[in-house]
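Engineer: Dropping the structure in here first, questions after.
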Amino acid sequence: MRIFVNGEEHAIEPLSVLGYLEEIEIEPHRVAVELNLEILPKGEYGTTQLKDGDRIEIVHFVGGG
Amino acid sequence: MENRSDKLTIAGREFSSRLMVGTGKYASMEQMVRAIEASGAEIITVAVRRVNISDRSRESLLDHIDLKKYTLLPNTAGCYTADDAIRTCRMAREAGLSDFVKLEVLGDEKTLFPDNEELLMAAKVLVQEGFTVLPYTSDDPIVCKKLEEIGCAAVMPLGAPIGSGLGIRNPYNIRIILDTVSVPVIVDAGVGTASDAAIAMELGCDGVLMNTGIAGAKDPIAMAEAMNLAVRAGRLAYLAGRIPKKLYATASSPIEGIIE
């Protein structure tokens with residue numbers, strides 16, 4: 001299935017948000033995730049399954065003024 | 001003598017340092033860490049940006065920041081609408097590290113002046129959602145009063161455009177803002193060198209926030225130390241009660257006993 005991650009299309013096998021973060025080697029506790037324009041609480045990363053066409057935004061803190 | 005009990009209180013939390021610094025524009029993480037250390041700052045701003053999925057080798061900012069030592073102030077830099085700023089703040093809070101947000105809603109790319117209409121709308125929503133909102137705004141006492149009434153924890157009027165280094169362009173407006181609101185007034189943006197920071201504090205401001213003034217200096221670590229001293233000196237001078245400005249001289253030495 002295909003999902004959009006930070007604006008880019010990716011083909012993936014079905015898995016949870018947590019599973020996806022682990023696959024791309026992102027530490028869940030350092031990021032925030034928005035799924036289809038709604039903030040996804042950290043507690044739900046493991047139980048939320050990604051679906052075809054889902055749009056996720058994964059953000060973190062970087063240097064800024 | 002500096003007074004250790006002269007703390008800056010924001011939303012019930014006390015801070016010893018009245019200088020807040022940004023983490024952007026540094027040549028390296030190492031330079032950033034050393035500059036923040038030299039500044040004595042306890043509150044540091046960070047930006048919220050997409051993770052680069054394809055380039056995982058890039059260093060993570062938080063690997064270099066001791067979260068026990070610093071309070072993070074995520075900003076909404078790059079947001080031009082209330083909706084974007086609100087969305088950014090919610091994501092920043094969800095990262096789980098801070099309830100404080102530096103709310104910026106920009107109106108224009110060249111000046112980076114705030115769009116105060118959108119700012120007020122965003123501030124209302126965010127305060128209701130329980131954020132501790134520190135809004136970057138213009139040196140307009142009317143807007144500052146509205147931000148206070150909405151429930152912002154402080155107001156942060158600009159001294160001059162972000163990164164311009166022009167200093168405190170309208171000290172009279174800053175003084176009026178100090179008279180107008182009871183929440184902390186923190187000058188944010190435009191500080192170019194130490195005296196600018198000292199001037200802000202001498203006016204009676206509660207703090208100063210800067211990024212480019214330090215990170216853009218030829219020697220950021222030295223400038224960070226200069227700013228640290230300037231904010232403390234300015235605060236001490238303010239509390240010490242300066243002499244009035246007079247048109248004519250008043251001699252400092254006694255008139256009696258002059259030899260003839």
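The values are calculated or read from the model by the stated rules, or taken from the named source; none is laboratory data. Just so it is clear, the model here is predicted, and its values are computed rather than measured. Heads up, the Cβs are rebuilt from the backbone with ideal geometry, glycines too, and the neighbour counts pull from every protein chain shown. Note: accessible area is taken over every heavy atom of the protein model, side chains too, but ligands, DNA and RNA are not part of it. Shrake-Rupley method; radii C 1.70, N 1.55, O 1.52, S 1.80 Å.
Engineer: For region B:70-96, which positions are surrounded by fewer than 20 Cβ atoms within 10 Å (Cβ to Cβ), facing chain A (nearest Cβ under 8 Å) and within 25 Å of B:Leu19 (Cα to Cα)?
Structural biologist: The answer is B:Gly96, and nothing else.
Engineer: Okay, moving on. Report whether or not A:Phe4 is open to solvent by less than 50 Å² (accessible area, probe 1.4 Å), of a type in the set (Phe, Trp, Tyr) and within 9 Å of chain B (Cβ to nearest Cβ). Steps first, please.
Structural biologist: Details: open to solvent by less than 50 Å² (accessible area, probe 1.4 Å): yes; of a type in the set (Phe, Trp, Tyr): yes; within 9 Å of chain B (Cβ to nearest Cβ): no.
No, not satisfied.
Engineer: Restricted to region B:239-260, and to residues that are hydroxyl-bearing (Ser, Thr, Tyr) and open to solvent by 100 Å² or more (accessible area, probe 1.4 Å), which residue is farthest from B:Arg4 (Cα to Cα)? So that I can check it myself, show each step before the final result.
Structural biologist: Residues of region B:239-260 hydroxyl-bearing (Ser, Thr, Tyr): B:248, B:250, B:252-253.
Now narrow it down to the ones that are open to solvent by 100 Å² or more (accessible area, probe 1.4 Å): B:248, B:252.
Working: B:Tyr248: 37, B:Ser252: 32 Å.
It comes out as B:Tyr248.
Engineer: Checking B:Pro254 against (1) more than 14 Å from chain A (Cβ to nearest Cβ); (2) closer than 30 Å to B:Ser28 by Cα, which single condition isn't satisfied?
Structural biologist: It fails just one condition, (2).
Engineer: Further question on the same structure: Is region B:21-33 home to any residue that is in a loop (DSSP other than H, G, I, E, B), exposed (fewer than 14 other Cβ atoms within 10 Å of the Cβ), within 13 Å of chain A (Cβ to nearest Cβ) and among the small types (Gly, Ala, Ser)? If you could, list the steps in order and put the result at the bottom.
Structural biologist: If we filter region B:21-33 for residues that are in a loop (DSSP other than H, G, I, E, B), which is where we start, we get B:23-28.
Remaining after also requiring exposed (fewer than 14 other Cβ atoms within 10 Å of the Cβ): B:27-28.
Retained after the next criterion (residues that are within 13 Å of chain A (Cβ to nearest Cβ)): B:27-28.
Retained after the next criterion (residues that are among the small types (Gly, Ala, Ser)): B:27-28.
Yes, that holds for at least one residue.
Engineer: Filtering region A:1-50 down to residues that are in a loop (DSSP other than H, G, I, E, B) and among the small types (Gly, Ala, Ser), which residue is farthest from B:Arg87 (Cα to Cα)? I'd like the intermediate steps shown before the answer.
Structural biologist: So in region A:1-50, the residues in a loop (DSSP other than H, G, I, E, B) come out as A:1, A:6-7, A:12-15, A:24-27, A:31, A:36-37, A:41, A:45-48, A:50.
Retained after the next criterion (residues that are among the small types (Gly, Ala, Ser)): A:7, A:46.
On the way: A:Gly7: 16, A:Gly46: 23 Å.
Per the criteria, the residue is A:Gly46.
Engineer: State which residue is farthest from B:Met20 (Cα to Cα) when the search covers only region A:47-65 and only residues that are of a type in the set (Gly, Ala, Ser) and surrounded by 14 or more Cβ atoms within 10 Å (Cβ to Cβ).
Structural biologist: A:Gly63
Engineer: While we're looking at this one, here's another question. Return a yes/no flag: does region B:48-67 have any residue that is buried (at least 22 other Cβ atoms within 10 Å of the Cβ) and over 20 Å from A:Arg30 (Cα atoms).
Structural biologist: For region B:48-67, residues buried (at least 22 other Cβ atoms within 10 Å of the Cβ) and over 20 Å from A:Arg30 (Cα atoms): absent.
Engineer: Something else about it: Condition first: farther than 19 Å from B:Asn173 by Cα, in contact with a helix residue (DSSP H, G or I) (Cβ under 6 Å, 6 or more places away or on another chain) and within 14 Å of another protein chain (Cβ to nearest Cβ). Now tell me which residues in region B:193-216 satisfy that.
Structural biologist: B:Ile214, the sole residue that qualifies.
Engineer: Of everything in region A:8-28, what is open to solvent by 100 Å² or more (accessible area, probe 1.4 Å), within 19 Å of B:Glu59 (Cβ to Cβ) and more than 7 Å from chain B (Cβ to nearest Cβ)? Give them in sequence order.
Structural biologist: Residues of region A:8-28 open to solvent by 100 Å² or more (accessible area, probe 1.4 Å): A:8-9, A:13, A:22-23, A:25, A:27.
Next, only the ones that are within 19 Å of B:Glu59 (Cβ to Cβ) stay: A:25, A:27.
Within region A:8-28, just A:Glu27 meets the criteria.
Engineer: I'd like to know if region B:219-240 contains one or more residues that are among the polar types (S, T, N, Q) and either in contact with a His (Cβ under 7 Å, 6 or more places away or on another chain) or modelled with pLDDT of 95 or more (or both). Write out each step before concluding.
Structural biologist: Within region B:219-240, the subset among the polar types (S, T, N, Q) is B:228.
Still in the list and also either in contact with a His (Cβ under 7 Å, 6 or more places away or on another chain) or modelled with pLDDT of 95 or more (or both): B:228.
Looking through region B:219-240, at least one residue is among the polar types (S, T, N, Q) and either in contact with a His (Cβ under 7 Å, 6 or more places away or on another chain) or modelled with pLDDT of 95 or more (or both).
Engineer: Identify, by number, the condition in (1) among the basic types (Lys, Arg); (2) in contact with a strand residue (DSSP E or B) (Cβ under 6 Å, 6 or more places away or on another chain); (3) outside any strand (DSSP E or B) that B:Arg49 doesn't meet.
Structural biologist: B:Arg49 satisfies all of (1) among the basic types (Lys, Arg); (2) in contact with a strand residue (DSSP E or B) (Cβ under 6 Å, 6 or more places away or on another chain); (3) outside any strand (DSSP E or B) except (3).
Engineer: Just need a number here: residues in region B:3-20 that are open to solvent by less than 90 Å² (accessible area, probe 1.4 Å) and more than 15 Å from the chain's Cα centre (by Cα). So that I can check it myself, show each step before the final result.
Structural biologist: Filtering region B:3-20 for residues open to solvent by less than 90 Å² (accessible area, probe 1.4 Å) gives B:5-12, B:15-20.
Checking which are more than 15 Å from the chain's Cα centre (by Cα) leaves us with B:5-7, B:11-12.
Residues in region B:3-20 being open to solvent by less than 90 Å² (accessible area, probe 1.4 Å) and more than 15 Å from the chain's Cα centre (by Cα): 5 in total.
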